[in-house]
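Participant: I have a structure I would like to understand better, so I am pasting it below and will then ask my questions one at a time.
What follows is calculated from the coordinates using simple rules that are stated; it is not laboratory data. A quick note: this is a predicted structure, and the numbers were derived from the prediction, not measured. Quick reminder, even Gly has a Cβ in these numbers, built from the backbone with ideal geometry, and neighbours come from all protein chains shown.
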Amino acid sequence: MKRFLILITIFGLIGTVTNLVYISPIPSLFAAVCFPVILLYRNSFPTLVFWLFLFFIYVMVSTTLYYPASFSNFKFYRYDGNFLISYLPLLVLPFLSLNINIDKLFRYFLYFTTVISSVVFIGKGFQLSGFTGLFLATNAAGGFYSILTSLAFIYFLERKTYCNLLFLTLNLFFLYTTYSRGSVLGLVLGALLYYFFHIRKTYFIYLIFLAICAVQIYILFQTYPLYVKYISGGPTKDFYQNYTDFISKNYGVVSTKFNNVLIRIYQTWPRAIDCFFHSPVVGTGFGSIDDVPFKFKTKIPFLLATNSQEQKVFSDSHAHHSFLNFLGELGLVGLLIFFKFWKTVYAFLTKNNYDSRIRSFLLISFYNLTIMSFTEHRITTPSNALPFVLALSLYYVFVNYKKKLAHDTFYS
């Protein structure tokens with residue numbers, strides 16, 4: 001059974017090359033079946049699993065209290081609740097150990113996905129702008145190629161061969177053609193943060209994250225009052241029409257890319273802040289941010305409220321910012337639990353260098369995914385999160401084996 005689960009996880013990792021066919025979530029389905037069995041027979045959990053499980057419970061309780069019918073709707077798992085799909089493997093794989101040729105596995109993963117992407121690129125007529133690969137959207141493709149380029153980059157750093165240069169160049173090119181700016185930014189800053197980690201200047205890492213937060217807080221300080229006055233409290237009952245009218249009046253006709261920026265600073269980020277201000281402790285309910293216009297029902301003034309909007313929507317109209325999305329729907333409690341889990345992931349990577357190449361790849365991907373999540377809800381999106389989560393899960397299995405081997409050797 002152990003080998004079967006690991007083989008399924010490897011199959012899912014290879015399947016992250018596409019979200020047109022649901023291959024990558026297959027390990028999550030098996031994890032959902034296996035985890036209850038683990039609960040029956042295990043008395044202790046790895047720290048990472050404990051905090052992740054606590055966050056799962058919190059999300060499920062919040063969903064049940066807000067709109068329990070969500071669990072029976074496929075679109076909930078596709079959109080609002082895709083966190084459940086993306087992180088289920090990490091509830092199970094850390095309990096397993098097996099001797100995996102981890103380097104060979106990830107090299108073949110890089111080669112296979114790059115060749116497939118090259119064939120698709122040619123098949124799509126050399127699409128030089130808005131390339132989506134085998135994904136539905138450019139951000140999904142951009143996030144995937146951003147993670148894959150991290151792997152190619154590490155192999156090129158290790159050995160500067162023409163082959164490694166080719167795979168790095170191809171994936172950089174695919175990333176560029178997606179025109180996903182958040183994915184490019186995530187990769188560049190992810191590599192920079194890894195460099196600071198490598199030279200033991202970790203205070204620069206914290207300074208960069210603080211700078212990003214400071215800039216976004218300043219933006220929201222300017223735009224949130226405008227959101228309240230002209231969009232959420234605008235002249236019509238149509239939330240999105242209010243936004244369209246506001247942008248048209250103040251900016252005129254704008255390009256699609258510039259409009260994506262305006263959507264964030266005037267609509268989706270302030271939406272999350274609006275939920276947080278009404279219910280700062282536990283949020284307004286998991287999945288509530290895209291149920292607009294908001295109809296806040298106050299339970300405890302300035303502490304607890306829910307979004308009582310009758311029309312429930314499952315869509316990708318989230319906060320376009322993972323941490324603000326958690327803050328709005330789950331409040332400070334939910335965000336802090338997630339941060340605690342995310343910190344344990346980072347601690348695991350920094351303390352377990354059993355294969356320097358794969359550990360380096362995972363660290364860059366961790367930084368990358370975190371950075372991308374400041375401009376999109378990438379930390380939960382399967383196309384972006386699953387390549388990292390499945391890779392991390394397999395590395396965890398490998399680390400467990402190495403630790404067990406060292407322990408047995410020491411006591412033999």
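Participant: Could you give me D for the chain, from Stokes-Einstein at 4 °C and 1.567 mPa s, where the hydrodynamic radius is the Kirkwood radius over C-alpha pairs? Units µm² s⁻¹, please.
Facilitator: My calculation gives 58 µm²/s for D.
Participant: Determine the relative contact order of the range 204-323: mean sequence separation of Cα pairs under 8 Å and six or more apart, normalised by residue count, in whole percent. Intermediate values should be presented prior to the final figure.
Facilitator: Details: 126 pairs, mean separation 25.0, N = 120.
Reported as a whole number, the value is 21 percent.
Participant: Then there's this: Taking the Cα atoms only, what angle lies between the long axis of helix 138-158 and the longest principal axis of the chain, rounded to 10 degrees?
Facilitator: Here the helix axis deviates by roughly 30 degrees.
Participant: Of Asp80, Asp238, Asp291, which has the largest mean-square fluctuation in a 10 Å C-alpha GNM of the chain?
Facilitator: Asp238
Participant: Treat each spin label as a single point 7 Å out from the Cα along the C-beta direction, and report the Ile263 to Thr409 distance in nm.
Facilitator: Distance between the two pseudo-spin positions: 5.3 nm.
Participant: Rounded to the nearest 500, what is the 222 nm mean residue ellipticity of the chain from helices alone, with -39500 (n - 2.57) per DSSP H run of 4+ residues and division by all residues?
Facilitator: -22000 deg cm²/dmol
Participant: Another question, then. For Leu304, which sequence-distant residues (separation of 5 or more, or a different chain) have an amide H within less than 5 Å of its own amide H, given hydrogens modelled in the peptide plane?
Facilitator: Lys299
Participant: Treating the angle as unsigned and between 0 and 90°, give the value, to the nearest 10°, between the Cα long axis of helix 102-123 and the longest Cα principal axis of the chain.
Facilitator: Result, in degrees: 50.
Participant: Please go through the residue pairs Lys75/Lys257; Lys257/Lys340; Lys104/Lys257; Lys75/Lys404 and name each one whose alpha carbons sit more than 31 Å apart in this structure. All intermediate terms of the calculation are to be shown ahead of the outcome.
Facilitator: Working: Lys75/Lys257 26 Å; Lys257/Lys340 34 Å; Lys104/Lys257 39 Å; Lys75/Lys404 41 Å.
Too far apart for the 31 Å limit: Lys257/Lys340; Lys104/Lys257; Lys75/Lys404.
Participant: Ordered by residue, what ³J(HN,Hα) values in Hz, to whole numbers, does the range 127-134 give under the Karplus form 6.51 cos²θ - 1.76 cosθ + 1.60, where θ = phi - 60° and Gly and Pro are x?
Facilitator: 5, 8, 9, x, 5, 10, x, 9
Participant: Can you give the Rg and Dmax of the range 309-388 based on its C-alpha atoms, in angstrom?
Facilitator: 14.7, 52
Participant: Could you let me know the centre-to-centre spacing of the range 145-220 and the range 348-407, using Cα atoms, in angstrom?
Facilitator: Result: 15 Å between the Cα centres.
Participant: Counting only residues 5 or more places away or on other chains, whose amide H sits under 5 Å from the amide H of Val281 once H atoms are built in the peptide plane?
Facilitator: Close amide H contacts, sequence-distant or interchain: Leu332.
Participant: Between the helical axis of 162-178 and the dominant principal axis of the chain, each derived from Cα atoms, what acute angle in degrees is found, rounded to the nearest 10?
Facilitator: Approximately 10 degrees, to the nearest 10.
Participant: While we're looking at this one, here's another question. When ranked by the protection proxy of mean other Cβ atoms within 10 Å per residue, highest first, what sequence do the peptides 58-67, 392-401, 117-126 form? Don't skip to the answer; put the middle values down first.
Facilitator: Numbers: 58-67: 18.1, 392-401: 22.6, 117-126: 13.3.
Ranked by mean Cβ neighbours within 10 Å, highest first: 392-401, 58-67, 117-126.
Participant: A further question follows. List, in order, the whole-Hz ³J(HN,Hα) value for each residue of the range 333-345 obtained from phi through the Karplus relation with A = 6.51, B = -1.76, C = 1.60 and θ = phi - 60°; use x for Gly and Pro.
Facilitator: My calculation for the range 333-345 gives 4, x, 5, 5, 5, 5, 4, 5, 4, 4, 5, 5, 4 Hz in order.
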